[in-house]
Amino acid sequence: MASTATPAPSAPAQAGSSELLRHLAAELRLLAARVRVSEPREPPEELDRERFWRRLNDAAVTVAREATTLTVVFRLPLPSPQETKGICERVHAAVKAVTAVYCALPRDQGITLRKLVRGTTLDIVDGMAQLVEVLLIAPAQSPENSDLISCNSVWDACQQVPQIPRDNKAAALLMLTKSVDFVKDAHEEMEQAVKECDPHLGLAHDSEEDSSGGCGGEDEVLGFPSSQDVHWSEEDRELIAPCLALVRASKACLKKIQILVAENGKKDQVAQLDDIIDISEEISPSVDDLALSIYPPMCHLTVRINSAKLVSVLRKALEVTKKDCLPRLPDSITPYHYVSARLLSQWMHLSPDLSADLAGYPLSS
């Protein structure tokens with residue numbers, strides 16, 4: 001009795017299908033590169049926000065569906081080149097539709113909002129490109145299930161579309177929340193390091209792995225020193241407390257900025273909100289620089305430079321927020337009302353110039 005099973009494609013056919021997938025992956029990577037450098041196309045008329053978000057959501061749903069189809073169909077034996085070509089064309093069209101919607105978002109809707117939409121768009125494009133590349137290496141029946149993991153990443157990115165803020169003020173508040181969380185994490189890591197520090201020996205290393213002299217521990221991965229030979233001197237420890245206070249003040253400043261934007265920011269203040277986010281996003285990297293500089297062996301000059309930089313960024317962020325969100329406050333009210341006098345007094349130990357800068361300012365308690 002003749003077998004009714006479908007014969008496997010020949011080797012040339014399989015090679016043709018793989019080549020089509022390889023070309024698709026390259027095209028998707030090119031799309032991602034274009035999105036990263038694309039400039040918004042100014043529409044001939046005012047943006048229809050409801051239609052824009054509906055188009056973006058529909059495009060994301062289509063991409064998720066095509067990712068599922070790609071994972072299901074592209075198995076061993078590989079589909080024919082003709083079938084693969086049709087699948088690749090649909091995938092490329094679906095992903096390109098998402099990028100086209102993003103590019104239609106005009107600049108006057110806000111740079112902060114555009115960054116969030118661009119980030120989600122890139123996650124979708126990069127996720128699909130990664131899925132295609134994984135299928136090239138190991139088809140969908142691979143026991144490692146790497147294809148399913150990659151497909152899930154595409155789904156996750158597509159499912160983020162409905163969660164994107166719908167206006168620039170909401171986008172600004174989301175970015176401020178993330179900055180607060182980053183600074184909070186940095187402060188907790190600094191406090192943990194201080195708690196684990198022996199007053200005489202420096203950072204504690206009590207585990208068998210550390211005592212064995214081996215490398216590659218978690219601290220080393222994070223860029224922190226792991227040698228028992230380094231420690232904080234008495235002079236070093238005198239700087240640690242004000243550094244921690246400065247990071248706490250950074251978190252307090254970001255929270256205050258977040259509150260001021262939420263309570264006083266207007267949705268039509270697009271440029272002003274972008275200015276606030278632009279300077280506020282400098283706070284977290286400045287906090288990271290200061291946090292890394294306090295680990296032994298400590299360079300006091302570097303600590304003072306990084307602390308002065310962070311103070312400057314905080315001052316500018318508060319001033320920009322005051323100007324854009326609290327325009328009617330009297331001139332006697334300064335940005336330093338938003339930070340406690342106790343914390344600010346500890347900064348002066350790090351930066352003598354700050355003492356003169358704060359002279360005469362009425363500070364909150």
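The values are calculated or read from the model by the stated rules, or taken from the named source; none is laboratory data. Bear in mind that the values here come from a model prediction, so they are computed numbers and not experimental data. FYI the Cβ positions are ideal-geometry reconstructions off the backbone, even for glycines, and counts take in every protein chain you see. Heavy atoms of the whole protein, side chains included, go into the accessibility calculation; ligands, DNA and RNA do not. Shrake-Rupley method; radii C 1.70, N 1.55, O 1.52, S 1.80 Å.
Here is how the numbers come out for the structure above:
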{"read-out": "Residue-level accessible surface for residue 74, protein heavy atoms, 1.4 Å, Å²", "value": "10 Å²"}
{"read-out": "Residue 61 versus residue 39: modelled label distance in nm, points set 7 Å from Cα along the beta carbon direction", "value": "3.5 nm"}
{"read-out": "Packing rank of 300-308, 154-162, where each peptide gets the mean count of other beta carbons within 10 Å, highest leading", "value": "154-162, 300-308"}
{"read-out": "Pairwise label distance in nanometres, residue 181 with residue 278, each label 7 Å out on the Cα-Cβ vector", "value": "2.6 nm"}
{"read-out": "Gained length - residue 266 relative to residue 152, 0.36 nm times residue gap less alpha-carbon distance", "value": "37.3 nm"}
{"read-out": "Cross-link pairs beyond the 25 Å C-alpha cut-off, checked among 255/323; 96/267; 178/316; 169/309", "value": "96/267; 169/309"}
{"read-out": "Karplus-derived HN-Hα couplings along segment 299-307 (A = 6.51, B = -1.76, C = 1.60, θ = phi - 60°), whole Hz, x at Gly and Pro", "value": "9, 4, 4, 5, 4, 5, 5, 5, 5"}
{"read-out": "Pairwise label distance in nanometres, residue 188 with residue 159, each label 7 Å out on the Cα-Cβ vector", "value": "2.4 nm"}
